[in-house]
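Notes for the one structure printed next.
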Amino acid sequence: MALLMRLFPLLLCVIAVTVFAAPADTSSASKPRLGMNVGGAADYSTDFPFVDIFKSSRPWISQEEGKGWGNGPALELDEQGWIKRLSDQGDCYADSPMNTDLNGHCPLGIYTILYDGEGKLEVALGDAKVVSAEPGRMQVEVGGNGAFFLRLRETNPNNYIRNIRVIMPGFEDTYAKEPFHPVYLNRWKGTACLRFMDAMRTNGSTQVKWADRTKVNDASYAQKSGVPIEILIDMANRLKIDPWFCIPHMANNDYVENFAKLVKEKLDPSLKPHIEYSNEMWNGSFPQTQWAYRMAKEGGIGPADRPWEGGAQIYVERSLEIFKIWEKVFGGKDRLVSILAWQAGSDSFWLDGQLLARTKGAEDVDAIAIAPYISVNVPAESQPPAPNAAEVSQWTEEQVMDFMENEALPQSIKWIEGCKAVADKYGVKMMAYEGGQHMVGIGGGENNAAMTALFVKANGAQRMGEIYKKYYDAWTAAGGDLHCHYYSIGKWGRYGSWGLAEYYDTKPSDVPKYQATLDWAKSQGQAVTMDPWAGIAAPTTP
């Protein structure tokens, strides 16, 4: 284990706190359940949440002939993000990429483009061609790898093009009432909770006021404030799954109160909103954590030479304030699951002394949630005898899996057990806000292509599924409760192989770690979908 401690920095656990009318259950009453972190809207997303892919489109890129990429004049946008006017100087236009970098793993065929207003839309820079066009409606045949650009060439400032919808094949008649792709909904049906941290673009959020949030009628949801809260509530309602919301770190009390009111009004009353203040405010690599450090230093909170301790105090105090606001709106604690988050690797000092000791335990909070990753984090440079990325890149798949099973997995289990001891001390549950494998290059190691290829291959291996089974069994044996894997579907590469599968058209049986995750959930009595494509026409393939 000494080698592990030198080679791989501790990936620390987070604490989630939940507020209920009665004291939290102790370990004997915990019920292991699978939850899931789901991604947000992006033109490069391989998960396809929406059948209108313009909702996942990149914000407009201003272009001008003869100039470099994105060097066109500033665009004049309305409050929803539609272009009101293109510059009269030079040959100016605007692009928005669609289905980028998906390697053909997207629906192919006839897309229908609908819009209001007057102007000229084109498709460009991809294997797509217009097959019909009339004012307000185009049909485009998309082939190849599925990528193309929607290009705005002209728009009438008095009746500018807006309300653009780019509808996948087969959904023109249903997209308005059924905005989510059916496979996206099917995939995590039967899980216990969906954590919307990424969907809400929590890390580095700039939201302060309620007006700063994304609105349902905004042009795209692929923006810094993330998917609209109303859309996330709708998703939870359709699936009958508890939502886990992350409150922006700078959100004022009015924002928090209006958020709570919206959820109370629109969320199915049988569901319990899980509330967490921001994300990983123990993690110094995130802007929200650095913000907390600055606030602590400016406010004289905590030791001047250890701003992370003051940041922890700010985090706990603000979390409790947020929970109280939600309790007031909901008229009590019965429906609320309020979540604190912190490191798990130093459970006694941080979870106990710095966090829960500042609360009234189960009277204030219901659970600590941790991120017990199976961590294999390899830097470009290291101190001997710890190997660096160049050395690890020469390992065989068997060697890296040996390390994961014999070193990283026991370390993860040790974190779980340590955090559970703290949870039991305060009479609260232990949850996981994130978890799964954490095989990735760090500190320049991510630039080693050979090591990245090794890690990607290992993530698809049968043995990875076997390690996942041992991991989930250890969580169950320790008395863990909700475990939200990080994350749903996403491409594997140099910055990690976080997705249980890489593409939306992948079936669980094709990826052992994906199948092992569903098998564990099913063993806990969850009616998870073992094949999200069941009853749905298969996608067109290249």
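Here are a few things to note about the model shown:
- Scanning the stretch 422-442 for residues that are of a type in the set (Gly, Ala, Ser) and at pLDDT below 95 yields a count of 2.
- Across the stretch 56-114, the qualifying residues are those that are charged (D, E, K, R) and assigned to a strand (DSSP E or B), and the one among them that is nearest to Phe148 (Cα to Cα) is Asp95.
- All positions within the stretch 226-269 that are part of a loop (DSSP other than H, G, I, E, B) and either touching a strand residue (DSSP E or B) at 6+ places or on another chain (Cβ under 9 Å) or touching a residue at least 40 places away in the same chain (Cβ under 8 Å) (or both): Gly226, Val227, Ile241, Pro248, His249, Met250, Ala251, Asn252, Leu267, Pro269
- Among the candidates Lys507, Lys491, Lys522, residue that is touching a residue at least 24 places away in the same chain (Cβ under 8 Å), over 26 Å from Phe403 (Cα atoms) and out of contact with any helix residue (DSSP H, G or I) (no Cβ under 7 Å at 6 or more places or on another chain): Lys507
- Residue match in the stretch 109-125 (condition: surrounded by fewer than 20 Cβ atoms within 10 Å (Cβ to Cβ), under 25 Å from Ala199 (Cβ atoms), among the small types (Gly, Ala, Ser) and out of contact with any Lys or Arg (no Cβ under 8 Å at 6 or more places or on another chain)): no
- Residue match in the stretch 398-415 (condition: part of a helix (DSSP H, G or I), modelled with pLDDT of 95 or more and closer than 19 Å to Leu518 by Cα): no
- Qualifying residue in the stretch 410-424 (condition: surrounded by fewer than 16 Cβ atoms within 10 Å (Cβ to Cβ) and more than 30 Å from Arg358 (Cβ to Cβ)): yes
This table checks each residue for (1) part of a loop (DSSP other than H, G, I, E, B); (2) surrounded by 22 or more Cβ atoms within 10 Å (Cβ to Cβ).
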{"site": "Asp473", "(1), (2)": "no, no"}
{"site": "Gly480", "(1), (2)": "yes, yes"}
{"site": "Lys491", "(1), (2)": "yes, no"}
{"site": "Tyr514", "(1), (2)": "no, yes"}
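- The residue that is surrounded by the fewest Cβ atoms within 10 Å (Cβ to Cβ), among those in the stretch 331-340 that are hydrophobic (A, V, I, L, M, F, W, C) and farther than 9 Å from Leu355 by Cβ, is Leu336.
- Every condition in (1) of a type in the set (Val, Ile, Thr); (2) touching a residue at least 40 places away in the same chain (Cβ under 8 Å); (3) touching a Phe, Trp or Tyr at 6+ places or on another chain (Cβ under 9 Å) is met by Thr206 except one, and the failing one is (3).
- Conditions (1) touching a residue at least 60 places away in the same chain (Cβ under 8 Å); (2) closer than 30 Å to Ala367 by Cα: number failed by Ala380: (2)
- Residue among Asp531, Asp505 that is at pLDDT below 95, in contact with a His (Cβ under 7 Å, 6 or more places away or on another chain) and over 18 Å from Ala371 (Cα atoms): Asp505
- If the condition is being in contact (Cβ under 8 Å) with a residue 24 or more places away in the chain, in a loop (DSSP other than H, G, I, E, B) and over 20 Å from Ile61 (Cβ atoms), then the stretch 117-144 contributes Glu118, Gly143, Gly144.
- Flag for Glu405 being touching a Lys or Arg at 6+ places or on another chain (Cβ under 8 Å) and charged (D, E, K, R): yes
- Only residues that are farther than 13 Å from Ile374 by Cα, in contact with a helix residue (DSSP H, G or I) (Cβ under 6 Å, 6 or more places away or on another chain) and buried (at least 23 other Cβ atoms within 10 Å of the Cβ) were counted across the stretch 427-444, and they come to 3.
- Residue, farthest from Pro179 (Cα to Cα), within the stretch 52-80, restricted to residues that are under 19 Å from the mean Cα position of the chain (by Cα) and crowded, with 20+ Cβ neighbours inside 10 Å: Ser57
- Just one residue in the set Val263, Val216 is among the β-branched types (Val, Ile, Thr) and either under 21 Å from Tyr433 (Cα atoms) or assigned by TED's automatic domain parsing to the domain that holds Ile83 (or both); that residue is Val263.
The values are calculated or read from the model by the stated rules, or taken from the named source; none is laboratory data. Given the structure is predicted, the values throughout are model-derived calculations rather than measurements. FYI the Cβ positions are ideal-geometry reconstructions off the backbone, even for glycines, and counts take in every protein chain you see.
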